[in-house]
Amino acid sequence: MSTAKRFMDMTWDEFQALDPAAKMPYFNRGERPYHALIAQQFNRPMLDRLCALATNIRRIAKTRDGMDFLASLLAHKRAMLYFTQPSSRTFLSFYAACQILGMKVSEVRDATTSSEMKGESHEDSVRTFSSYVDLLIMRTPIQGFAEKMAWLLSSTERPVPILNAGSGKDQHPTQALLDIYTLQRSFERIGGIEGKKIMFVGDLARGRTVRSLACLLTHYPRVKLYFVAPDSLQIGRDILDLLTAAGVEFEVSSKFEKLMPEADAIYMTRIQDEWDNPADKGKLDISNYSITARHLSLLKPTGVIMHPLPRRQEIAVEVDHDPRAVYWRQVRNGMWIRVALIAMIFGRDRDVARHFEDNLG
Ligand code: NCD
């Protein structure tokens, strides 16, 4: 029985209960991702190939001919952006990635303008929209919804790849890919990500980017992760269990300034108080979990400061001028890694390799 067959034969409850790592064969086709739903579906060879592909693509994109070539790759395909949770950067990053590959893009950004207002289920809405396109890119506040749609569509006549652009407080796999790409580029000349100390700071309880990135970092030997947050915003037990099972060293702490000199990368996050009751908003003092210009002398000369953005006050604007602040590079890397991901899903990485070899190799 093929893997795809078993995916569709399972009930949603059975599928959901699987260990995340066991879902890998359902979301990938051999060595290529088919969907991008959870960070756990990516292995190290895939990460390395995606990063190398993104770098080749951005080199090809430097010329008019190169851009024309890229725009021919998926000119016969259509993508749908279903974003029912606030987003502008991730939305535009995916939008631009689709445009670079020549895809035609449509969008739903507000479920209140759709038949969901007439009582239609989210599942029926998305299934309807999927019939018009070849790729679905989804951001929703509902944990696991993108996965559920992948499971649901797998038993229909017309399954399409689904990219999770952020699901609830749980996962943001493509942000984790761009973060890995940024770390890899930042540490290129100093031995790569292996053995580096990565510190996560801020709202680790609801920051889905941190959860997804922590999963991907298990593929890099000897890394050590620090989770630095007030107790009420600490990282979930499930992520710590996953790290323990993978043999990754970690430390949970509330002492930011003390640990700062140890870090090779400091990954700042904002407080996600949109999940709080209105009465609790703004009550937490997070001034001890912020970076200002005065902290820069504590950071290693080869260290980097990252942020998934949007930021609030957790990184002072003066820090932007420091060459170790790489959050604006992350944004640009994000667009290219998304181009690489979509190209790979549709098997166009081979065409990119051939073009690179013929023109730039
Ligand atoms: C993050 C998100 O939406 O999870 N932003 C992003 O996609 N880059 C982080 C956030 O909202 O704070």
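Only the coordinates and a few stated rules stand behind these numbers; no lab work does. No experiment lies behind these values; they were computed from the predicted model shown. Note: ideal-geometry Cβ built from the backbone for every residue, glycine included; neighbour counts use all protein chains shown.
Averaging the sequence gap over all C-alpha pairs within less than 8 Å and six or more residues apart, then dividing by the number of residues, gives the chain a relative contact order of 18 percent.
Remark: the Cα gyration tensor places segment 196-276 in the oblate category, a/c being 1.5 or greater and a/b not exceeding b/c.
Rounded to the nearest whole Hz, the Karplus-based 3J(HN,Hα) values (6.51 cos²θ - 1.76 cosθ + 1.60, θ = phi - 60°) of segment 213-227 follow the sequence 5, 4, 4, 5, 5, 5, 7, 10, x, 6, 5, 10, 10, 10, 10, with x at glycine and proline. Computed from the alpha carbon atoms alone, the convex hull of segment 173-332 holds 107 Å³ per residue.
Can you compute the charge dipole magnitude of the chain about its Cα centre, using +1 on each Lys and Arg Cβ and -1 on each Asp and Glu Cβ, nothing else charged? Give it in debye, rounded to the nearest 20.
Numbers: 48 positive and 43 negative charges, 188 e Å.
Around 900 debye, computed over the chain.
Tell me the relative contact order for segment 226-287 as a rounded percent, counting alpha carbon contacts under 8 Å between residues six or more apart. Dividing the mean separation by the residue count of segment 226-287 yields 31 percent. Per the Kirkwood formula applied to alpha carbons, the chain shows a radius of gyration over Rh ratio, Rg over Rh, of 0.96.
Geometric descriptor of segment 141-242, per residue, is 116 Å³ (volume of the convex hull of the Cα atoms). Across segment 173-332, the relative contact order, built from alpha-carbon pairs under 8 Å that are at least six residues apart, equals 23 percent.
In debye, nearest 20: dipole of segment 42-135 around its Cα centre with unit charges on the Cβ of K, R (+) and D, E (-)?
Working: 13 positive and 10 negative charges, 108 e Å.
Roughly 520 debye for segment 42-135.
Residues whose amide H lies under 5 Å from that of Glu107, counting only those 5 or more places away or on a different chain, are Leu81; hydrogens are built 1.01 Å from N in the peptide plane.
Across segment 76-210, how large is the tail of the calculated P(r) beyond 19 Å, expressed as a percent of all Cα pairs? Value for segment 76-210: 56 percent of Cα pairs lie more than 19 Å apart.
Please give me the summed charge of the neighbours of Asn288: other residues whose Cβ is under 14 Å from its Cβ, Lys and Arg +1, Asp and Glu -1. List each step's numbers first, then the result.
Details: positive: Lys255, Lys258, Arg294; negative: Asp203, Asp231, Glu257, Asp285, Glu314.
Value of the local net charge: -2.
Taken one residue at a time, the phi angles of segment 25-33 give Karplus couplings (6.51, -1.76, 1.60, θ = phi - 60°) of x, 7, 9, 10, 10, x, 8, 10, x Hz. Gly and Pro are set to x. The long axis of helix 349-359 is offset from the longest Cα principal axis of the chain by roughly 80 degrees. Net charge dipole, segment 173-332: roughly 380 debye, given to the nearest 20, about the Cα centre with Cβ charges of +1 for Lys and Arg and -1 for Asp and Glu. Cα centroids of segment 173-187 and segment 39-71: 13 Å apart.
For segment 72-94 versus segment 287-311, the spacing of their alpha-carbon centroids is 31 Å. Would you mind classifying segment 1-151 by shape? Square roots of the alpha carbon gyration tensor eigenvalues, ordered a ≥ b ≥ c; an a/c under 1.5 is rounded, otherwise it is prolate if a/b is larger than b/c and oblate if not. Oblate shape, in that a/c is at least 1.5 and b/c is the bigger or equal ratio.
Among residues other than Gly66 whose Cβ falls under 11 Å from its Cβ, what is the net charge (Lys/Arg +1, Asp/Glu -1)? Please list the in-between numbers first.
On the way: positive: Arg58, Arg59, Lys62, Arg64; negative: Asp65, Asp68.
Result for the local shell: +2.
Computed from phi, the 3J(HN,Hα) profile of segment 57-62 under the Karplus parametrisation 6.51, -1.76, 1.60 (θ = phi - 60°) reads 4, 6, 6, 4, 5, 6 Hz, with x in place of Gly and Pro. Backbone amide hydrogens, once placed in the peptide plane, bring Phe250 within less than 5 Å of Leu225, excluding anything fewer than 5 places away on its chain. Under 5 Å from the amide H of Ile291 lie the amide H atoms of Ile315, Ala316, each residue being 5 or more positions distant or on a separate chain, with H modelled from the backbone and absent for Pro and chain starts.
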